[in-house]
Amino acid sequence: MTERRPLGTILLESGHISPDDVERVLEYQRTHGGFFGQALVALNLVRREEIDWALASQFDLPYIFPNADAVDRDAARLVPADWALAHMAVPIVRAGKTVTVVVADPLTDDVLDDLRTRTGCSIEMALASAARIRELIHAVYDAEPEHRLEEEPPVAFEELLAHALENGARRFGISMRAGTALGWWRTRTDTHRATLTDGWERALTECIQPSPLGRMADVKAGHIEWEATLKRPGADLPIAAQALVGVGGAELMFRPLRHVADGPLVGHVVLPPALIMELRLLWRGGSARIGVAAEQIDAARAVLPLLPGLGLGDDVRAVHINAAGDNGSEYTLRADPDPAFAEAVSAYEFDAITIDLPPSGYPIRELLHAAPLSFMLLEEPGDVLPAEWGINWLLMILGRPGSYAWDLHALHG
């Protein structure tokens, strides 16, 4: 068997790094830990693509550029979406008793054993960039049936609005032409539309205040913007409203927003579409326990109760649990140290739970396992997490209010 050459040797021989670079990497690892390749990227000595190429050479694996349209969906679904995300690996083709899996990093022996058990096949690996594999996971596993409203008969405005909100629409609106109205809503990947039935003007005025039609009546032509409120049973949703008024017609467009009473602390919170999709995939998997950490712990504490709604939509059944029983924005329970409290919460079968509690004195593990998607605030993300909690993902909230960046990754070992 050919001896595997070290990653650093491959990069040295190919001229991608110098001996001085190796010393810098080793010093970085002594301080920060991590893998050789990770240190190279952190020090901006090489690009991630160059590491991928070197890994492919090191493990004698092909480096490929997978196309979602060419992936065998039956092969991909040999593993669930949360497994694919956790390991950055997707089965792309099955030939007899062999499955080819595209990976961002070569799989460890224990993961390979798990994959052989899941598929009942031998495994061949091919390397691709983590970014491309993430895109592949989104495309392959986001396969819920599309409900294209243009194929449906005319709908009431209230019905179109419900479709938009239930599916996490990024924006929705109405196109008005010569007495007819076409309603539409836009998801991350598709636009849906349907003709609106009579009475849409009244429904629009009742649902959105101040009345968009009233605002449009104040201008003869041109573009206007304003903040409005979408009135919904049990909760009002702030929205950004726009209108483009012309001769013979007009366009209305609305974009849902999220506000918190302590605006300066949190600002507008909008999750990236890719993160929303991954949270929904993990929710479907039913066993995602996510630790939440941030550069600003107070901001993380304020954002934490919002995460289920931001990720799963307004209709999510979620509960926030803390020691005070007071949150001010989302449904909140005061935690009881008695394990019977966690058992009682679990019986209600919430979609998601958010937890802001001290690390001792409360039934943390039981609460984390009381819903298919749970979030636990971590005040010290660098600390070793108790193994019994079973936290298997880490969500880092980076940056400052109004300009957050999000990093979700699996925890192993």
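Just to be sure before I move on: is Ala169 outside any helix (DSSP H, G or I), open to solvent by less than 40 Å² (accessible area, probe 1.4 Å) and farther than 22 Å from Ala274 by Cβ in the structure I sent?
no
Is region 343-355 home to any residue that is aromatic (Phe, Trp, Tyr) and either without any contact (Cβ under 8 Å) to a residue 40 or more places away in the chain or open to solvent by 10 Å² or more (accessible area, probe 1.4 Å) (or both)?
Checked region 343-355: at least one residue is aromatic (Phe, Trp, Tyr) and either without any contact (Cβ under 8 Å) to a residue 40 or more places away in the chain or open to solvent by 10 Å² or more (accessible area, probe 1.4 Å) (or both).
Could you go through region 127-144 and let me know if any residue there is of a type in the set (A, V, I, L, M, F, W, C), modelled with pLDDT of 90 or more and surrounded by fewer than 20 Cβ atoms within 10 Å (Cβ to Cβ).
Among the residues of region 127-144, not one is of a type in the set (A, V, I, L, M, F, W, C), modelled with pLDDT of 90 or more and surrounded by fewer than 20 Cβ atoms within 10 Å (Cβ to Cβ), which makes the answer no.
One line per residue, one yes/no per condition, for (1) in a strand (DSSP E or B); (2) open to solvent by less than 30 Å² (accessible area, probe 1.4 Å); (3) modelled with pLDDT under 75:
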{"residue": "Val270", "(1), (2), (3)": "no, no, yes"}
{"residue": "Ala274", "(1), (2), (3)": "no, no, no"}
{"residue": "Leu282", "(1), (2), (3)": "no, yes, no"}
{"residue": "Val292", "(1), (2), (3)": "yes, yes, no"}
{"residue": "Ala302", "(1), (2), (3)": "no, yes, no"}
{"residue": "Leu307", "(1), (2), (3)": "no, yes, no"}
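Does at least one position in region 317-328 carry a residue that is in contact (Cβ under 8 Å) with a residue 60 or more places away in the chain, farther than 25 Å from Ala274 by Cβ, open to solvent by 40 Å² or more (accessible area, probe 1.4 Å) and not in a helix (DSSP H, G or I)?
yes
Could you please let me know if Val90 is buried (at least 17 other Cβ atoms within 10 Å of the Cβ) and assigned to a strand (DSSP E or B)? Steps first, please.
Numbers: buried (at least 17 other Cβ atoms within 10 Å of the Cβ): yes; assigned to a strand (DSSP E or B): yes.
Answer is yes for this residue.
The values are calculated or read from the model by the stated rules, or taken from the named source; none is laboratory data. Quick caveat: nothing in here was measured; it's all calculated off a predicted structure. Glycine gets a Cβ as well: all are built from the backbone with ideal geometry, and neighbour counts include every protein chain shown. These area figures cover heavy atoms from the full protein model, side chains too; ligands, DNA and RNA do not enter into them. Shrake-Rupley method; radii C 1.70, N 1.55, O 1.52, S 1.80 Å.
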